[in-house]
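K.L.:
If you scroll down you'll find the structure; I have some questions about it.
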Amino acid sequence: MNEKNTYYITTPIYYPSDKLHIGHSYTTVACDALARFKRMQGKKVMFLTGTDEHGQKIQDKAAAAGVTPKQYVDNIVEGAGGVKDLWKLMNISYDRFIRTTDDYHIASCQKIFQKLYDQGDIYKSVYKGHYCKPCESFWTDSQLKDGKCPDCGGDVYEAEEEAYFFKTGKYADRLLKYYEDHPAFIQPETRKNEMIAFINQGLQDTCVSRTSVSWGIPVPFDPKHTMYVWVDALSNYISALGYGNDQYNDYDAFWPADLHMVGKEILRFHTILWPAMLMALDLPLPERVFGHGWLLLDGGKMSKSKGNVVDPAVLCERYSVDAIRYFLLREIPFGNDGVFSNEALIARINSDLANDLGNLLSRTVAMAEKYFGGTLPAARAAGEFDDDLIKTVSEMPAKVAACMDDLLIPQALQEVFKAIQRANKYIDETAPWALAKDEANRDRLAMVLYNLCEALRFATVLLAPFLPDTADKMAEQLGLSAADRAWDGLRFGGKTDYTVHKGDALFPRIDAAKELAELAAAHEAQVKAAQEKAAAAEKAAAAEKAAAPAPAAAENIEHQPEVSFDDFCKVELRVAQVLTCETLPESKKLLKMTLFDGERERTILSGIAKWYKPEDLIGRKVGIVANLAPRPMMKGKYVSEGMVMAADMPDGGASVVFFPDDVLPGSAIH
Ligand code: ME8
């Protein structure tokens, strides 16, 4: 059988609601190492990453920042220090970057949604849940924390919302059968059992639309709904190849994906909902989905809300990109959670990178320069210990490749470092400095240094996917050409001549005690500065308040009896767009409008003719009371279906409540 010569690997698409943290870098760096490794092995690789840019959270962040959602995500993704800059800094060799706000992706999602609806896999129903008003989120029973909103801890109330559902449940048996027939589909193995148990509990259909979130892809046949998270997000893996759009034409070459790499908390969506969607679309399923663990800090998952984010750009600047890449890939058992700490990072840099790797290179190159002026002579004599070194080094490529195929990334690095340690031991065993004392040992000395150079050449080639900058520096000092660095040329003795040049230390040793003390001091200073800033802001706000004139207020405020929250929620306030507006010959007070309320056109008569002309209103988005019982007006000649919201003005006039253009008709007002 011909082995496939393509490799399609994906990261999750990240929420650009804030700057990315080191946890996001973890997934991306792991995919990058795999992509580079496969490229080195001669595969045609498609490495996809991107950003998942819709949803309430981003809408809220944008509103708080006073910009549109698109401006907000543009800045985080494309702006200075944003997502793309971070991946550039970290040497992420992605082939394609998808943004879910890209037009071609939107077109694909709408086609997919329409197709699933047309064939009956998506249907309209009612989403029932516990609603948290400030967070504008629905929660299920199990998501509540002590009966309260799991995000803000506030009260929730029972609510319903019209929504579209995808028939995930229909695919339960086919999914279980697929897992059985494709044992490598879900990895690691332990997580597969969790997925099976989840399906066996009874698989519910999935809510795939919202009417309460406007920042999303409109459902094509019912635009007051936007697609809710997963159809939009998961489809990226095929829209990025050109499925359902004309932007790209790579679907046939690359689908199905070889590997979706995801965090463990989203494995379920990738191994249940996504395959079910693909089954419904009659498309092949990805070969493998791997759920990796989390990078933890102080015992908790890194997250902005916990205030414990570690900025990858800052870390890369302080310790070098490769030191951070190495730490992420080596320290955390792939698949399990791992803890990030400065102590562990510094220990890894010192022991593996500075000591084992850095010393091997600097000692070898220094000795080659000292004893042979940098160019190793052709006359060489084999001797004791050579065979064992050659065996260890020669076996390394196959072992590393096998680990990479099994996604055992730390083990792959361990194999390289085993050979590096073996080579360091070889220096102690052969003691070149002792050989150098006697001219009779010159050929033997040349062979020892030659063997060390070959071992380092293997390490250079095999480390390149993990530590690209370091591999380049090693190649430079060892005088390796591109051909010397080819995966196919990895045969011990494959390069016969060496002329080396000493360069800077690959990883200068860090004084751990000094570094940790400095970090602690920097952290303390940061905390202190933040506290001082907060105190100063509070003081300034208090002073501003004291200095401000008392706000003017309306006179004779009329109070209504207090209503319960549930009663308040019975009043349906919505945004509607004014389509037509006219004065009435029989009334000086009234304007007659038709408005699109997100679902239908309705007529409303409003007593604002003295203050507004029809052209002031046509096309504008206004607030309406949508569930007011229809009222006959002008002796029954017209029926007004609702009320336009307006504030009383001191001069007895009215000021209509207008909404910005990007608010969609039908949006709820709270
Ligand atoms: O989940 N350690 O986006 P996201 C390791 N948009 N991985 C971490 C991590 C940590 N501390 N924190 C986050 C989403 N991640 C969706 C994905 S895919 C079609 C849609 C990982 O930005 C997390 O596990 O919240 C996830 O795999 C990825 O970062 C994106 O998280």
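K.L.:
Tell me which residues, restricted to the stretch 1-23, are of a type in the set (Ser, Thr, Tyr) and touching an Asp or Glu at 6+ places or on another chain (Cβ under 6 Å).
P.N.:
Answer for the stretch 1-23, where residues must be of a type in the set (Ser, Thr, Tyr) and touching an Asp or Glu at 6+ places or on another chain (Cβ under 6 Å): Tyr7, Tyr8, Tyr15.
K.L.:
Kindly provide the set of residues from the stretch 323-343 that are among the hydrophobic types (A, V, I, L, M, F, W, C), outside any strand (DSSP E or B) and in contact with a helix residue (DSSP H, G or I) (Cβ under 6 Å, 6 or more places away or on another chain), ordered by number.
P.N.:
Ala323, Ile324, Phe327, Leu328, Leu329
K.L.:
Are there any helices (runs of 4 or more DSSP H) wholly within the stretch 209-305 with 2 or more residues that are more than 13 Å from the ligand (Cβ to nearest atom) and at negative phi, and if so which?
P.N.:
Counting at least 2 such residues, we get 251-254, 274-280.
K.L.:
Out of curiosity, is Ser142 open to solvent by 20 Å² or more (accessible area, probe 1.4 Å), under 28 Å from the mean Cα position of the chain (by Cα) and closer than 18 Å to Ile669 by Cα?
P.N.:
The answer is no for Ser142.
K.L.:
When the residues of the stretch 326-338 are filtered to those that are more than 15 Å from Gly263 (Cα to Cα) and open to solvent by 30 Å² or more (accessible area, probe 1.4 Å), which remaining residue is modelled with the lowest pLDDT?
P.N.:
Result: Glu331.
K.L.:
All but one of (1) assigned to a helix (DSSP H, G or I); (2) more than 46 Å from the chain's Cα centre (by Cα) hold for Ala412; state the number of the condition that does not hold.
P.N.:
(2)
K.L.:
Still on this structure, please answer the following. Conditions: (1) open to solvent by less than 40 Å² (accessible area, probe 1.4 Å); (2) of a type outside the set (Asp, Glu); (3) within 15 Å of Pro312 (Cα to Cα); (4) without any contact (Cβ under 8 Å) to a residue 12 or more places away in the chain. Gly82 meets all but one. Number of the miss?
P.N.:
It fails just one condition, (4).
K.L.:
Of all residues in the stretch 1-26, which are closer than 30 Å to Trp215 by Cα, surrounded by fewer than 23 Cβ atoms within 10 Å (Cβ to Cβ) and hydroxyl-bearing (Ser, Thr, Tyr)?
P.N.:
Tyr14, Tyr15, Ser17 - these are the residues of the stretch 1-26 that are closer than 30 Å to Trp215 by Cα, surrounded by fewer than 23 Cβ atoms within 10 Å (Cβ to Cβ) and hydroxyl-bearing (Ser, Thr, Tyr).
K.L.:
Can you name the strands (runs of 3 or more DSSP E) wholly within the stretch 1-105 that have at least 2 residues being more than 14 Å from the ligand (Cβ to nearest atom) and over 17 Å from the mean Cα position of the chain (by Cα)?
P.N.:
Fully inside the stretch 1-105 and qualifying: 6-14, 44-51.
K.L.:
A follow-up question, please. How many residues does the stretch 106-145 contain that are at negative phi and assigned to a loop (DSSP other than H, G, I, E, B)?
P.N.:
Qualifying residue count, the stretch 106-145: 7.
K.L.:
Considering only residues that are basic (Lys, Arg) and surrounded by fewer than 15 Cβ atoms within 10 Å (Cβ to Cβ), look in the stretch 156-203 and name the one that is farthest from Gln119 (Cα to Cα).
P.N.:
Among residues in the stretch 156-203 that are basic (Lys, Arg) and surrounded by fewer than 15 Cβ atoms within 10 Å (Cβ to Cβ), the one farthest from Gln119 (Cα to Cα) is Lys177.
K.L.:
Looking at the stretch 59-69, is at least one residue among the charged types (D, E, K, R), under 20 Å from His270 (Cβ atoms) and out of contact with any helix residue (DSSP H, G or I) (no Cβ under 6 Å at 6 or more places or on another chain)?
P.N.:
The answer is no; no qualifying residue exists.
K.L.:
Answer yes if at least one residue in the stretch 237-249 is within 30 Å of Phe596 (Cβ to Cβ), modelled with pLDDT under 95 and not aliphatic (A, V, I, L, M), and no otherwise.
P.N.:
For the stretch 237-249, residues within 30 Å of Phe596 (Cβ to Cβ), modelled with pLDDT under 95 and not aliphatic (A, V, I, L, M): absent.
K.L.:
I would also like to ask the following. For the stretch 220-254, enumerate the residues that are farther than 30 Å from Asp95 by Cα and of a type in the set (A, V, I, L, M, F, W, C).
P.N.:
Of everything in the stretch 220-254, just one residue is farther than 30 Å from Asp95 by Cα and of a type in the set (A, V, I, L, M, F, W, C), namely Phe221.
K.L.:
Go through Gly623, Gly636, Gly666 for me and flag whichever is surrounded by 18 or more Cβ atoms within 10 Å (Cβ to Cβ) and part of a loop (DSSP other than H, G, I, E, B).
P.N.:
Unique residue meeting the criteria: Gly666.
The values are calculated or read from the model by the stated rules, or taken from the named source; none is laboratory data. Everything numeric in this text was worked out from a predicted model, so none of it was measured. Note that we place each Cβ from the backbone using ideal geometry, even for glycine, and neighbour counts take in every protein chain shown. Keep in mind that these areas ignore ligands, DNA and RNA; they rest on the heavy atoms of the full protein, side chains included. Shrake-Rupley method; radii C 1.70, N 1.55, O 1.52, S 1.80 Å.
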